[in-house]
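Have a look at the structure below, then the notes.
The values are calculated or read from the model by the stated rules, or taken from the named source; none is laboratory data. Fair warning: this is a prediction, and the values are worked out from it, not measured in the lab. Heads up, the Cβs are rebuilt from the backbone with ideal geometry, glycines too, and the neighbour counts pull from every protein chain shown.
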Amino acid sequence: MLSVASDIFIKYSRGVVLVTFILLPAGAWGAEDLLARVHHRYADSSGVKIHYAHLDGPSAGAPLAVFVHGFPDYWYSWRNQMDAVAKTHEVAALDLRGYNLSDKPTGVENYDMKLLIGDVLSVIKACGKERAVVIGHDWGGAIAWSVAMYASQVVERLIIVNLPHMNGLRRELANNPEQQKNSAYARAFQEPDALLKVTADGLARMAPEAVRPQYLEAFRLSSIEAMLNYYKRNYPRAPYAVATSEELASTPRVKCRVLQFHGLKDTALLPSGLNDEWKWLDEDLTLVTIPSAGHWSHWEAAELVTRTMVDWLKR
């Protein structure tokens, strides 16, 4: 069993190391004027236009880092990390299809995970790269895991924020009553009348007050129906069942190094989902658990997440 009692828990393929980080004052990375400095670009994903906010790297040959947001969010989710990563990498933070400035195709089938993987690949291609560091949170984390499994040739490294490997989530949904209870919101989103209960104004309230106006504008541009289609098409449905040994054997392994953050106050995705995660990886896993943070670790512990991310990418 994975212990999540320590402030920072780092597991390598050949051992365990405990590390203490010193947090510096918030705002050290200067994200305040990011909205004015990014370049807005578009990638073509089989006819679906995917918007991404772009920052040049330190040189024309700099490696690429692609950021993928979750629900309910948009590219600006990564405002605390983009500048710091751009010191060593070209940066592209996309709007998922259905969100903000990206296209919003109708129909649940247009939000299948295969298509979401294709959206990330289209951004990498639009940036003129063959490989990238892929970074995802929540649904962006699920997509990032999937890109690493099913398009491993394009993923240099993988960074995940608050999304256990889907094998772990599926196990917890089958065996853990608390996770079943806490996933009630996802089951509600899968219902036919879910659209009647979700509004842009309501979703924007989850954003920090300082950036709430930007979130409200982005969500008013988004399709609420599209947001819910991620759950209807891809989230496990009751009755839940543990993946069979055959299913696990047929699931591609993650072949790159992985850095993962998880806020232990996350009630939507319990940390027990992290147990045994390294069984599905071929390279080392660096897992950072944050007792003070919830579901949005990259907001709530922005300095810790940013500095750890930058340090890990430099190794």
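For the reader, a short list of remarks on this structure follows.
- Cβ pairs under 8 Å, 6+ apart, first in segment 34-58 and under 16 Å from Tyr76 (Cβ atoms), second acidic (Asp, Glu) and assigned to a strand (DSSP E or B): Ile50/Asp44; His54/Glu90; Leu55/Glu90
- Hits in segment 88-107 (condition: hydroxyl-bearing (Ser, Thr, Tyr) and over 17 Å from Leu216 (Cα atoms)): Thr88, Thr106
- Within segment 162-177, restricting attention to residues that are over 16 Å from Leu248 (Cα atoms) and touching a Leu at 6+ places or on another chain (Cβ under 9 Å), the residue that is surrounded by the most Cβ atoms within 10 Å (Cβ to Cβ) is Leu163.
- Check on Ala268, under 15 Å from the mean Cα position of the chain (by Cα) and not in a helix (DSSP H, G or I): yes
- None of Trp312, Trp299 is part of a helix (DSSP H, G or I), surrounded by fewer than 18 Cβ atoms within 10 Å (Cβ to Cβ) and either within 18 Å of the chain's Cα centre (by Cα) or free of Cβ contacts under 8 Å to residues at least 40 places away in the same chain (or both) except Trp312.
- Among the residues of segment 268-293, the ones that are within 16 Å of Glu172 (Cα to Cα) and of a type in the set (Asp, Glu) come to 2 in all.
- Segment 43-81, subset of a type outside the set (A, V, I, L, M, F, W, C) and in a strand (DSSP E or B), residue farthest from Ile117 (Cα to Cα): His54
- Taking the listed residues Asp276, Asp193, Asp266, Asp284, the one that is more than 21 Å from Ile117 (Cα to Cα), without any contact (Cβ under 8 Å) to a residue 40 or more places away in the chain and acidic (Asp, Glu) is Asp193, with no other qualifying.
- Check on Lys265, under 29 Å from Asn175 (Cβ atoms) and of a type in the set (Lys, Arg): yes
- Take the conditions (1) out of contact with any strand residue (DSSP E or B) (no Cβ under 7 Å at 6 or more places or on another chain); (2) assigned to a helix (DSSP H, G or I); (3) at pLDDT 95 or above; (4) aliphatic (A, V, I, L, M); Leu304 misses just one of them, which is (1).
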